[in-house]
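The next block holds one structure in the form of C-alpha cells; read it before the comments.
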Amino acid sequence: MAQERVKRRNGRACKAKVAREEIGGFRDRETEGVSNMAEGLMIPHECRVVVGDGRKVLVLRNHGSPIAPDLRVEDVFKAPDNPATSEQGTDRPGRAPGVDARRSGMEQSDWHQLAEQRFAKEIAETLERIRRERGVKSFILVAPPKILAELRQDISHLVREIVVAEVAKDLTGHPVPDIQRNLAG
C-alpha cells in the first residue's frame, strides 16, 4: 500500500510514492536513482553506513530508528601502507616513438592513485561479502567523489540494488557522533 509523501529535491518540494513495506518504511531513492543528499538523511534501522576514503573505511551500523539513528562501528578496514612515490617507481618514465620519428615522454605512474583504486576494489568485494554473510538489507555510501566513483564501478549489482543513498563527502577522519550529525542533520 503506497502513501504520498513530500520530499525535497533540488530545493523544491515534490511528491513521491513510498511503499510502507520497504526497508523500515523508508526508501531514499528518487524513482530508481540513488539519492545524493546528505543533511536530513533518514538512515534505516540495521542499515550499514560505509564511510571511507582511499586509505580507511568504517562500516557503521544503525542500532536506532530512521528518526533517531544510533550509529556504532561494526568494522574498520585500512589500506596497506603506501610508501612515497620515490620509493615505488625509481626509474624515469619511458619514451615512446611518436609521429614523424620524434620521441615522446610517457606520463609517470601515480602510485597513490593506483593504490586507492585497488583499495576501492577490495572494499567493493568486502561489501558483497558483508551483504551475503550478514544478510544486510541496505547500505549508505559516504566517500569523497573520486572514491565514490570507483566504488560505483566496482560494486556488484546485488550491492548496488540495496544502496539507498550516496553522500559525496569525506567524513572518514570525523568521530562517529559527528558523522551521525552530518548525515542525519
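A short reminder: the numbers here are calculations on the coordinates, not readings from a lab. Here the structure is a predicted model, which means the values were calculated and not measured. Heads up, the Cβs are rebuilt from the backbone with ideal geometry, glycines too, and the neighbour counts pull from every protein chain shown.
Tabulated results
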{"read-out": "Expected-Rg normalisation [2.2 N^0.38 Å, Cα atoms] applied to the range 121-185", "value": "1.13"}
{"read-out": "Additional length obtainable on full extension of the chain from Val76 to Arg129, 0.36 nm per residue less Cα span", "value": "17.6 nm"}
{"read-out": "Lys, Arg +1 and Asp, Glu -1 on Cβ, resulting dipole of the range 120-185 about Cα centre, debye, nearest 20", "value": "160 debye"}
{"read-out": "Under the Karplus curve 6.51 cos²θ - 1.76 cosθ + 1.60, θ = phi - 60°, whole-Hz ³J(HN,Hα) for the range 46-53, x wherever Gly or Pro sits", "value": "6, 5, 9, 9, 9, 10, x, 9"}
